[in-house]
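We did not get these values from a lab; they are worked out from the coordinates using the rules stated. Small disclaimer: the values here were computed from a predicted structure and weren't measured. Because the Cβ atoms are built from the backbone with ideal geometry, glycine has one as well, and the counts that use them run over all protein chains shown.
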Amino acid sequence: MILRLADILLTLLHLLIIGFNLFGWIWKRTRRWHLAFAALTAGSWFILGIWFGWGYCPVTDLEWHVKEKLGEHNLPDSFIKYYADKLSGTSVSASLIDTVTTVVFFTAILVSVYVNFFRRKRKLQ
């Protein structure tokens, strides 16, 4: 029961993190937070990734421990691949998932940098 609840809460946390990384730049109040949070995510992927593997996410790591205790095994490296497989009913290419995830994530960062720094300056002129 506790493990099932932990699995659900970690999934919700993951979805919130992904949603914020993708769309947190939209609202003026969250733009700076978005940039900081995206930097933390990138740091996890690329700095912690030096030791734990590219794209490392501590939330995924924790969630996979919970899922293994619940009896799931052979889990993919990516939370997004896990749910893409579940939702599609097939095995989606891990490289496709990684490519799309990276492109969309860095696009959101570029938009965030633009709205945080360049768009404001243009309005002041």
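Give me a count of the residues in the stretch 20-38 that are closer than 16 Å to Leu110 by Cα and free of Cβ contacts under 8 Å to residues at least 60 places away in the same chain. Even if it seems obvious, please write down each step before you answer.
Initial filter on the stretch 20-38 (closer than 16 Å to Leu110 by Cα): 20-28, 30-38.
Within this subset, residues satisfying the condition of being free of Cβ contacts under 8 Å to residues at least 60 places away in the same chain are 20, 26-28, 30, 33, 36-37.
Number satisfying all stated conditions: 8.
Phe118 - would you say it is surrounded by 12 or more Cβ atoms within 10 Å (Cβ to Cβ), in a helix (DSSP H, G or I) and not hydroxyl-bearing (Ser, Thr, Tyr)? Before you say what the answer is, go through the steps one by one.
Numbers: surrounded by 12 or more Cβ atoms within 10 Å (Cβ to Cβ): no; in a helix (DSSP H, G or I): yes; not hydroxyl-bearing (Ser, Thr, Tyr): yes.
Considered against the rule, which asks whether it is surrounded by 12 or more Cβ atoms within 10 Å (Cβ to Cβ), in a helix (DSSP H, G or I) and not hydroxyl-bearing (Ser, Thr, Tyr), Phe118 comes out as no.
Within the group Gly55, Gly71, Gly19, which residue is in a loop (DSSP other than H, G, I, E, B) and exposed (fewer than 12 other Cβ atoms within 10 Å of the Cβ)? Explain how you work it out, then say what you get.
Values: Gly55 fails: exposed (fewer than 12 other Cβ atoms within 10 Å of the Cβ); Gly19 fails: in a loop (DSSP other than H, G, I, E, B).
Sole residue among the options that is in a loop (DSSP other than H, G, I, E, B) and exposed (fewer than 12 other Cβ atoms within 10 Å of the Cβ): Gly71.
Just give me the residues in the stretch 27-52 being surrounded by fewer than 14 Cβ atoms within 10 Å (Cβ to Cβ) and not aromatic (Phe, Trp, Tyr), in sequence order.
Matches in the stretch 27-52: Lys28, Arg29, Arg32, Ala36, Ala39, Leu40, Gly43, Ile47, Ile50.
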